[in-house]
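Sharing a structure below in structure tokens format, with a few things to ask.
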Amino acid sequence: MSKEGFFVVMALIGGGSVASLFAAPTLIRRLPPSLVNLPNRKYWLATDERRKVAIDRVAGLVGWVGAATAALLAVAVELAMQANLHRANFDNVTFVVVLVAYFAFLIAVVVRKIRLLKLPE
């Protein structure tokens, strides 16, 4: 692939992924409750006030996931560029470490989301 093609593809994939994550809260606000997948959905989407609280909580988490995804893509692009510039193999060890950290972060976000959206006592 040409250099220009690589950067166009990465910009489209990276930009599209991150943009979709940051656009998710706006989309959730406009979707009917039956299409929103949240823990304890019936409770959190029953009133406009609860819906706003739930969406605000999820929006904060999605923002962090967007930032983490952007960082993961930046690392992947940097490693690919370094491998091409130095005509070396892709640094799999570094990428796997970053990927494991990314997935650990995603698991932590899911646990946090479940805790934030549990039913109040």
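Could you name the lysines whose alpha carbon sits less than 16 Å from that of K52, not counting residues in the same chain fewer than 8 places away?
Leaving aside lysines fewer than 8 places away in the same chain, those within reach of K52 are K42, K113, K118.
Further, regarding this structure: Indicate the gyration tensor shape class of segment 27-89 (rounded, prolate or oblate), computed on the Cα atoms with a ≥ b ≥ c the square roots of the eigenvalues: a/c under 1.5 is rounded; otherwise a/b larger than b/c is prolate and the rest oblate.
prolate
Return the sequence-ordered ³J(HN,Hα) values of segment 85-97 in whole Hz as given by the Karplus equation 6.51 cos²θ - 1.76 cosθ + 1.60 applied to θ = phi - 60°, using x for Gly and Pro.
5, 9, 6, 10, 6, 4, 6, 5, 4, 4, 5, 5, 4
For segment 24-34, in order, what is each residue's ³J(HN,Hα) by Karplus, 6.51 cos²θ - 1.76 cosθ + 1.60 with θ = phi - 60°, in whole Hz (x at glycine and Pro)?
In residue order, the calculated couplings are 4, x, 5, 5, 4, 4, 8, 6, x, x, 5 Hz.
Further question: Would you work out what percent of the accessible area of the chain, with all protein chains in place, is carbon or sulfur (probe 1.4 Å)?
66 percent
Hey, can you rank 52-62, 83-93 by average C-beta count inside 10 Å, highest first?
Most protected by this proxy first, the peptides run 52-62, 83-93.
When ligands, DNA and RNA are left out and all protein chains stay put, how many square angstrom of accessible area per residue does the chain have with a 1.4 Å probe?
On a per-residue basis, the chain sits at 69 Å².
The values are calculated or read from the model by the stated rules, or taken from the named source; none is laboratory data. These numbers were taken from a predicted model, which means no experiment stands behind them. Positions of Cβ are generated from backbone atoms using ideal geometry, with glycine treated the same way; all protein chains shown enter the neighbour counts. The accessibility values were calculated without ligands, DNA or RNA, using every heavy atom of the protein model including side chains. Shrake-Rupley method; radii C 1.70, N 1.55, O 1.52, S 1.80 Å.
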